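Taken together, the values in this text are just the output of simple stated rules run on the coordinates, not laboratory data. This one's a predicted model, so the numbers in the text were calculated from it and none came from an experiment. Here the Cβ is made from the backbone with ideal geometry for all residues, glycine too, and neighbour counts use every protein chain on show.
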Amino acid sequence: MNYCVVLSQMDDPAKVVHCPNDSEGLLQVCYQLIGCGCRTVQLVPQMEGRLPEGYEALCDEDRYGKTLFINPLASWIYGADEHGAAIVGNSVILKVVETEDGADLAFMTEDEAQTVADELNKDLETKYDLVVFKVMTALMKE
C-alpha cells in the first residue's frame, strides 16, 4: 500500500494519507493532495533535524494568484521559527529511495508514514506558536 504524510495549510496535525495506486504517477497524486490547482512542486528546504533523514517535503512551486495560508508544520521544517519566512499551502512528505538512476521520491508504508506524522505532531502547539509569532513579526518589519 502507498502512503504519504500531508501537512495542512491550517493548524491541523500531520496526517497519514492512503494514496491510490494511481496510473498517472506519484506527482499527480501530490498535485491532488496539495490542491489549489498545483501543477508543479518544489522541495521544501529543511532545517537540519526537522525531518527524519531520508524524507522530503514538497509544496506548490507556483503560489501566485492563489489564496493560500501559512502552513505551520511545513514552515517549521523550513525553519520559519528562526528566520520568519513561511511556507504556504498544503505540503506532502515522501521518502527518498535510491534507484539505479539515483535518488528518487516514493510513497511510504503505513508504518513509516505514521512514524513521521507522530514525530511532527510532537509539541505541535509550540511549533505552531513559534512559527506564527516569528512570521508575523517578520511581516510587521517589512
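Brief remarks on what is shown
- Residue order, fewest to most beta carbons within 10 Å, for R63, R50: R63, R50
- Its Cα gyration tensor gives the range 1-57 an equivalent ellipsoid; the semi-axes, largest first and in whole Å, are 20, 14, 13.
- Listed from fewest to most Cβ neighbours within 10 Å, the set F69, F107 follows the order F69, F107.
- Given K15/K95; K66/K127; K15/K127, the pairs whose alpha carbons are separated by over 18 Å: K66/K127
- Stretch gain in nm, segment Q32-A103, where the contour uses 0.36 nm per residue and the Cα spacing is subtracted: 23.3 nm
- Hypothetical label at E48: residues of the range 90-134 whose amide nitrogen lies under 11 Å (7 Å Cα-Cβ projection): none
- Here the 3J(HN,Hα) profile of the range 2-10, calculated from phi with Karplus coefficients 6.51, -1.76 and 1.60 at θ = phi - 60°, is 9, 9, 8, 10, 10, 10, 7, 6, 9 Hz, Gly and Pro shown as x.
- Across the chain, Cα-Cα distances exceeding 20 Å account for 44% of all pairs.
- In this simple spin-label model, placing a label point 7 Å from the Cα along the Cα-to-Cβ direction at both D111 and H83 gives a separation of 3.6 nm.
- Positive-pole candidate from M140, L26, V116, dipole of the range 2-141, charges at beta carbon: M140
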